[in-house]
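Each remark here refers to the structure printed beneath this line.
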Amino acid sequence: MKNVLTHLSVTAVLLGMVAPAYSASISFRPTGSQIDSDPINDIVVQVGQQLTFTLSIDTTGLSNTLQSFTYLVTRDNTELLLDSATITPDADAFFDRTLISDIVTPPFTVGTVKLDNGIGLAPNSQLDFVTAIYTVQPGLVNDGVLDYQLEIISAFDNLGNDITSAFDPAVQEVEIQPSPEPASILSLLALGAFGVGSVYQKKQS
């Protein structure tokens, strides 16, 4: 028994040494990945394709129940057309969803949505709360500017405390872009081949 306790203690210490610190956050999936030189993550799509974002809230590190929160969704209408946005069945058990406003400032639409009037979400929980489906539009372009952004702008616990600052990250964004043109791919391959040839010639000489 003593050996088991010692082993558990050592394991706990090791876990404490390597475990990262987490905090409450808001996010969406797919997150995209870095495929070009600008700092925004990218998702490669085609015109006419449907793209589904799953919005998620994480209450890790909160002391009390998350009672309500308000978030913004910003989208580029020339590249993404909203088909539907639906609260998930799981989230429906904790919150009601209310669309506060949907303001168009071309090329963007900014939707403000509030989730409240429910039992709330306990600390150290994770919840997928909305599924949003979009259709990729003919204005699709790789311009280094965000096309989709999610941001939490207010959050309150069941005691009425403003806990907005506890969310980090509080914003996430992504750019959608077309697949690279075949000519661009061939140029990259040719450049790579030229580099390999140069190295080979240097070795020969």
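A short reminder: the numbers here are calculations on the coordinates, not readings from a lab. Nothing here was measured: the structure is a model prediction, and the numbers come from that model. Don't worry about glycine lacking a Cβ; one is built from the backbone with ideal geometry, like all the others, and counts go over all protein chains shown.
Return, ordered by residue number, the residues of region 60-75 whose backbone nitrogen is under 19 Å from a label point located 7 Å along Cα→Cβ of Asp168.
Once the point is set 7 Å along Cα→Cβ of Asp168, 60-64 turn out to lie under 19 Å by backbone N, inside region 60-75.
Taking neighbour counts of Cβ atoms within 10 Å as a proxy for exposure, in what order, fewest first, do Arg97, Arg29 appear?
Going from sparsest to densest Cβ surroundings: Arg29, Arg97.
Would you work out the charge dipole size for region 26-189 about its Cα centre, treating the Cβ of every Lys and Arg as +1 and the Cβ of every Asp and Glu as -1, and quote it to the nearest 20 debye?
The dipole of region 26-189 has a size of about 260 debye.
Label-point separation (nm) for Thr54 and Val110, each offset 7 Å from Cα along Cα-to-Cβ?
2.9 nm
Modelled label-to-label distance, Ser37 and Thr135, 7 Å Cα→beta-carbon offset: nm?
Simple spin-label model gives 3.6 nm for this pair.
May I ask you to derive the FRET efficiency for Thr98 and Ala122 from their Cβ-Cβ distance with R0 = 30 Å, giving the value to the nearest 0.05?
Result of the calculation: an efficiency of 0.90.
Name all residues of region 26-69 having a backbone nitrogen under 18 Å from the label point set 7 Å from the Cα of Asn161 along its Cα→Cβ direction, giving them as ranges.
58-69
Roughly what would the spin-label model give for Thr78 and Thr65, points 7 Å off Cα along C-beta, in nm?
Each label point is offset 7 Å from its Cα along the Cβ direction, giving 4.6 nm.
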